[in-house]
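Chemist: This is the structure I want to talk about, given as structure tokens.
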Amino acid sequence: MRHGTLGTALSYGLLSLMALLVLLPFVGIVLAALHPSGSQVAGVGLPEQWSWENFRLAWEAGGFDDLMRSSLIISGAVVPLTVLFATMAGFALSILRVWGGRYLSLGFVLGLTVPVELLVIALYYNLREVGLTDAYLGVVLAEVALFLPFGVYWMQSHFSGVPRELVEAARMDGARNRTVLWRVLMPISWPAVTTLTVLVFMWSWNQFLLVLVMMQDPSMRTAPTGLGLFVGQYGTDIPLLAAASLIVIAPIVVVYLVFQRSFVNGITRGAVKG
């Protein structure tokens, strides 16, 4: 009994230490954002004067009206398209067992190893030839293609863990493939779908290099690209930069908090199946 109590205490102590290590940088950014604009920030210290106005100044200086709108347009298109295509492809590869499915799965897995830095220049010239640079559609299509390999792998792994008896029973009742997917499998797949949705939204929202190359018009770029406006050659306004960083990550935090339970369930189920 004494050994069990000691083990539990050590586990909680280790988890608390890890949580502290994760939260400490975030706390440092929050405190830095509350220092007066232009002041020097040294480590994690409380500001002598709390300056909440930094968030308004950072919003105006970074032009976040346009940047946030662009981020919402791009992420609002990328997330549903990626989740929809990944779900249908995962269903086809794991449940329908389409011809050549093993090689297609291998192709998607190999796609996980290709970094965007390797493709972005060639992609820019290809999209420029068809008039899709400086256009939301070009960035949306590029990001969907970039995120699909993981999405297909994720949904295929999820559907592979579904009992075959459930699918066979639905087919014995006369259900077609469309019915099996949307009315039989999807109601029990929301944790996996929600997890994929949150991850794709996070990746799309944080995408920097692809948007920077594809969008020459600064007003059409996304929120993360606006952080570069706060970094100067000879000096950087740390409080405004920290405030702008919090503005950029706020939507991700909100989305995670809204879907936290489903997200954790999806990650846990995936880890157990793995």
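The values are calculated or read from the model by the stated rules, or taken from the named source; none is laboratory data. Predicted model, so just to flag it, every value in this text is computed and none were measured. With ideal geometry, Cβ positions are generated from the backbone for all residues, glycine too; neighbour counts draw on all protein chains shown. Surface accessibility is based on the protein's heavy atoms, side chains included, excluding ligands, DNA and RNA. Shrake-Rupley method; radii C 1.70, N 1.55, O 1.52, S 1.80 Å.
Chemist: Is it true that residue 132 is among the aliphatic types (A, V, I, L, M) and more than 14 Å from the chain's Cα centre (by Cα)?
Modeler: So residue 132 fits the description; yes.
Chemist: Go through the range 104-145 and give me each residue that's open to solvent by 80 Å² or more (accessible area, probe 1.4 Å) and of a type in the set (Asp, Glu).
Modeler: Within the range 104-145, 117, 129 meet the criteria.
Chemist: Let me ask something additional. Specify which of the listed residues (109, 152) is at pLDDT below 90 and assigned by TED's automatic domain parsing to the domain that holds residue 255.
Modeler: The unique qualifying residue is 109.
Chemist: In this structure, is residue 52 open to solvent by 30 Å² or more (accessible area, probe 1.4 Å), aromatic (Phe, Trp, Tyr) and either assigned to a loop (DSSP other than H, G, I, E, B) or over 30 Å from residue 204 (Cα atoms) (or both)?
Modeler: Yes.
Chemist: Pairs only if they're at least six apart or on different chains, beta carbon under 7 angstrom, first in the range 194-219 and closer than 17 Å to residue 154 by Cα and of a type in the set (Ser, Thr, Tyr), second open to solvent by 50 Å² or more (accessible area, probe 1.4 Å) and not in a helix (DSSP H, G or I); list them, first residue then second.
Modeler: These pairs meet every condition: 194/259.
Chemist: Among the residues of the range 72-92, is any closer than 19 Å to residue 229 by Cα, modelled with pLDDT of 90 or more and among the small types (Gly, Ala, Ser)?
Modeler: The answer is no, given that none of the residues of the range 72-92 is closer than 19 Å to residue 229 by Cα, modelled with pLDDT of 90 or more and among the small types (Gly, Ala, Ser).
Chemist: Answer yes or no as to whether residue 240 is on the phi < 0 side of the Ramachandran plot, in contact with a Phe, Trp or Tyr (Cβ under 6 Å, 6 or more places away or on another chain) and in contact (Cβ under 8 Å) with a residue 24 or more places away in the chain.
Modeler: yes
Chemist: I would also like to ask the following. Specify which of the listed residues (58, 77, 32) is small (Gly, Ala, Ser), in a helix (DSSP H, G or I), surrounded by 15 or more Cβ atoms within 10 Å (Cβ to Cβ) and in the same structural domain as residue 175 (by TED's automatic domain parsing).
Modeler: After ruling out the rest, the residue left standing is 77.
Chemist: Follow-up question, since we're still on this one. Would you check which residues across the range 148-167 are over 13 Å from residue 89 (Cα atoms) and either buried (at least 19 other Cβ atoms within 10 Å of the Cβ) or among the hydrophobic types (A, V, I, L, M, F, W, C) (or both) and list them?
Modeler: Within the range 148-167, 162, 166, 167 meet the criteria.
Chemist: Just for the range 143-193: of the residues that are without any contact (Cβ under 8 Å) to a residue 40 or more places away in the chain and among the acidic types (Asp, Glu), which one is farthest from residue 210 (Cα to Cα)?
Modeler: Filtering the range 143-193 for residues that are without any contact (Cβ under 8 Å) to a residue 40 or more places away in the chain and among the acidic types (Asp, Glu), the one farthest from residue 210 (Cα to Cα) comes out as 173.
Chemist: Please tell me if residue 237 is surrounded by 17 or more Cβ atoms within 10 Å (Cβ to Cβ), farther than 25 Å from residue 157 by Cα and modelled with pLDDT under 90.
Modeler: Judged against the criteria, residue 237 is a match.
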